[in-house]
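Comments concern the structure below.
The values are calculated or read from the model by the stated rules, or taken from the named source; none is laboratory data. Keep in mind the model is a prediction, meaning the values are calculated, not measured. Note: ideal-geometry Cβ built from the backbone for every residue, glycine included; neighbour counts use all protein chains shown. Keep in mind that these areas ignore ligands, DNA and RNA; they rest on the heavy atoms of the full protein, side chains included. Shrake-Rupley method; radii C 1.70, N 1.55, O 1.52, S 1.80 Å.
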Amino acid sequence: MSAQLRDTAGELAEVLWREHTVYRERSGGVVIRGEHVRRWISLAPAGGRDEVLVRAGRILDGGTTAPARSEAVVPLSAGTGVLAATCRRLLAEAAADVAPVAPGRASPKRSKRSKRSNQSGKAARPKGSGKHTSFGSWVILACIAGVIALYVYSTAMHG
């Protein structure tokens, strides 16, 4: 069953998404990840000999997967077309379950810089915590250097 499930998942992945990753779960099921659409599909053996439990969910920021939003049992003998139609329906349900924005409120806008940092797999840093030293830090360093220079000067003159 697991070899047939893996073959079916490979065919299904080609039908659903251009870009995908197919891997086997420890439980014997198969997962298809569509990173570009931030969704996943899981195929696992169901109670019947010819039945497959199909589950769909979202991929969260950082690559972790959210729990399944919807699921269905499909006969494996129905073919890739029926399985793909079921998966599309489940994926649509998973997309619809995402909390909608409250009416009258605009969705928060992101700058290109924060999108780039999120796409590279890193969380966006809060403002002011960048790699470069801020102006305030330079002022503090200049004051400390001035105090040290004054100490050295007074020690050299008096001592």
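A few notes on this one:
- Full-stretch length increase - TYR23, HIS36 - with 0.36 nm per residue and alpha-carbon distance subtracted: 3.0 nm
- Length gained on full extension, GLU11 to VAL139, computed as 0.36 nm times the residue gap minus the Cα-Cα distance: 39.8 nm.
- Carbon/sulfur fraction of accessible area - region 11-54, other protein chains in place, 1.4 Å, %: 44 percent
- Ranked by the mean number of other Cβ atoms within 10 Å of their residues, highest first, the peptides 142-155, 65-78, 33-46 come out as 33-46, 65-78, 142-155.
- Across region 37-43, computed HN-Hα scalar couplings (Karplus, 6.51 cos²θ - 1.76 cosθ + 1.60, θ = phi - 60°) run 9, 6, 9, 9, 10, 10, 10 Hz from first to last residue, x flagging Gly and Pro.
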